[in-house]
Amino acid sequence: MDWSLSIDKAIPKPLRVIFRGVGQVFFCCNAVTGFIFLIALYVGGITAGLAATVGVVSSTIAAYLLGFPEDEIDAGLYGFNGTLVGPCLFLFLEHTPQLWLYVVLASVLSTVVLAALMRILQPYNIPASTSPFVLTCWMFMVAVYSFDGFSRGPVLPAPVIPADIATAAVVTTEFASLSKDAIEAWYTAIAKGIGEVMFADSVIVGILFLAGIAITSLRGALMAVLGAIVGVAIPIWLGADKTLIEMGLYAFNPVLTMMAVGWVFLKPTTGSALLALLAGILTIICQAGLANFLAPIGLPTLTFPFVLTMWMFLFAAGKSKYWGN
């Protein structure tokens with residue numbers, strides 16, 4: 001929206017770059033949107049907001065110090081992976097004073113990894129997206145087993161053989177009827193699915209995220225909502241764990257996939273929207289497969305299902321006479 005772009009340009013450059021970095025988590029190069037996202041994170045929890053702030057500032061400063069292209073820094077491209085690194089490590093690792101330094105180091109590394117992957121993927125016109133965040137957090141999570149000053153938190157999955165994973169809970173009529181409880185369950189799961197992109201288990205945060213996206217693009221907001229709906233409906237149909245569905249943990253990857261394919265990286269047409277829908281559905285299958293693949297080493301999938309699916313669809317689109325970007 002024009003008014004938000006005017007405010008974006010009026011914000012002092014250091015703050016504008018930081019807010020844009022937060023906004024780029026949802027592909028929004030808009031400081032107003034990024035500011036709303038950051039406020040939403042603080043609403044969800046002071047620690048999460050502080051961790052995201054430390055992450056985005058650290059990764060952005062690292063980009064400046066390493067001399068990366070200033071136009072890319074100004075667009076917030078070196079900030080969004082750091083934004084995700086902070087809340088991620090605070091969610092999955094035990095809270096200690098040393099963890100703040102760990103967040104800074106991981107955020108700096110995410111900037112280096114992003115620059116390397118951008119160089120590798122540039123000839124193919126494929127974005128690195130959140131892959132630096134995923135790779136960096138995986139490495140830092142595994143590394144804690146070698147350091148006495150750190151330990152895994154209760155949320156980090158324990159290493160387990162996939163066949164030993166508890167049988168998925170049966171989906172009850174909670175989602176299957178038109179009752180008030182069913183409508184509330186759908187509403188909660190969809191909103192949390194958007195919020196879980198930044199590890200926020202909160203309906204209010206999800207709504208604020210959606211509002212921030214809508215300020216930048218109504219189509220982007222529509223793709224986010226459709227992605228969340230897909231992330232609830234398809235797991236229900238496939239018989240996934242009801243608790244995970246309710247928490248939005250099957251929805252956040254399709255949210256990003258559908259935004260990427262249906263709004264950001266392909267021409268915004270009806271055809272690309274349909275392709276995004278297919279990509280969103282397949283992201284759920286990819287997430288389930290990756291979850292079982294990573295189970296023996298006790299790592300979460302994070303946003304890697306989104307990254308893999310988006311890469312495959314964008315590579316395929318480049319070969320198609322219908323879907324080329």
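The values are calculated or read from the model by the stated rules, or taken from the named source; none is laboratory data. Being a predicted model, the structure only gives us computed values, none of them experimental. Methodologically, a virtual Cβ is constructed for each residue, glycine included, from the backbone with ideal geometry; neighbour enumeration extends over all protein chains shown. Side chains are part of the model used for accessible areas, which takes the heavy atoms of the whole protein and leaves out ligands, DNA and RNA. Shrake-Rupley method; radii C 1.70, N 1.55, O 1.52, S 1.80 Å.
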Checklist outcome for this item: Judged on accessible area alone, 1.4 Å probe, highest first, Trp237, Trp3 line up as Trp237, Trp3
Checklist entry - Do you know the Lys pair count in the chain for C-alpha distances under 30 Å, with sequence separation 8 or more or different chains? => result 7
Checklist outcome for this item: Computed about the Cα centre, the charge dipole of the chain from +1 Lys/Arg and -1 Asp/Glu charges at the Cβ has a magnitude in debye, to the nearest 20, of 700
Checklist entry - Mind checking the alpha-carbon convex hull of the stretch 1-90 and giving the volume per residue in Å³? => result 82
Checklist entry - What are the ³J(HN,Hα) values, in whole Hz, obtained from phi via the Karplus relation 6.51 cos²θ - 1.76 cosθ + 1.60 with θ = phi - 60°, for each residue of the stretch 32-49 in sequence order, with x given for Gly and Pro? => result 5, 4, x, 5, 5, 4, 5, 4, 4, 5, 5, 5, x, x, 4, 4, 4, x
Item to check | Assigned charges on the beta-carbon of Lys, Arg, Asp, Glu; the stretch 178-309 dipole about Cα centre (debye) | outcome: 340
Checklist outcome for this item: A student asked for the Cα radius of gyration and Dmax of the chain in angstrom ought to give 18.8, 57
Checklist entry - In cubic angstrom, how much convex hull volume per residue do the alpha carbon atoms of the stretch 246-325 span? => result 83
Item to check | Kirkwood-Stokes translational diffusion coefficient of the stretch 1-151, alpha-carbon pairs, 10 °C, 1.306 mPa s, µm²/s | outcome: 103
Checklist entry - For the charge dipole of the chain, defined by +1 on Lys and Arg C-beta atoms and -1 on Asp and Glu C-beta atoms about the Cα centroid, which residue among Val54, Ala185, Leu5 has the Cα displaced farthest towards the positive pole? => result Leu5
Next on the checklist: 7 Å from Cα along Cα→Cβ at both Asp2 and Leu274: what's the point-to-point distance in nm?
Outcome noted: 3.5
Checklist outcome for this item: accessible surface per residue for the stretch 1-92, probe 1.4 Å, DNA/RNA/ligands not counted, whole Å² -> 38
Item to check | Residue-normalised accessible area of the stretch 232-325, given per residue in Å² at a 1.4 Å probe | outcome: 42
Checklist entry - So which residue, out of Ile213, Ile297, Ile126, gets the largest mean-square fluctuation from a GNM of the chain using Cα contacts under 10 Å as springs? => result Ile297
Checklist entry - Measuring from a point 7 Å past the Cα of Asp74 along Cα-to-C-beta, which residues in the stretch 23-40 have an amide N at less than 15 Å? => result 29-31
Checklist outcome for this item: Taking the chain and counting helices only, DSSP H stretches of n ≥ 4 at -39,500 (n - 2.57) each over all residues, the nearest-500 ellipticity at 222 nm comes to -21500 deg cm²/dmol
Checklist entry - Near the amide H of Arg152, under 5 Å away, which other amide H atoms are found, from residues 5 or more places off or on another chain, if H is placed in the peptide plane? => result Glu94
Checklist entry - Expressed in nm to one decimal, what extension gain is obtained for the pair Ser320 and Gln122 from 0.36 nm per residue of sequence separation less their Cα-Cα distance? => result 69.4 nm
Next on the checklist: I'd like the carbon and sulfur percentage of the solvent accessible area for the stretch 81-168, probe radius 1.4 Å, heavy atoms only, ligands and nucleic acids excluded.
Outcome noted: 67
Item to check | Residue-wise HN-Hα coupling along the stretch 21-28, computed from phi with Karplus coefficients 6.51, -1.76, 1.60 (Hz; x: Gly, Pro) | outcome: x, 5, x, 5, 4, 10, 6, 9
Checklist entry - Which percent of the accessible area of the stretch 261-325 is formed by carbon and sulfur heavy atoms (probe 1.4 angstrom)? => result 72
Checklist entry - Once phi is turned into ³J(HN,Hα) by the Karplus curve 6.51 cos²θ - 1.76 cosθ + 1.60 with θ = phi - 60°, what whole-Hz value does each residue of the stretch 242-248 show in order, with x for glycine and proline? => result 4, 4, 5, 5, 4, 7, x
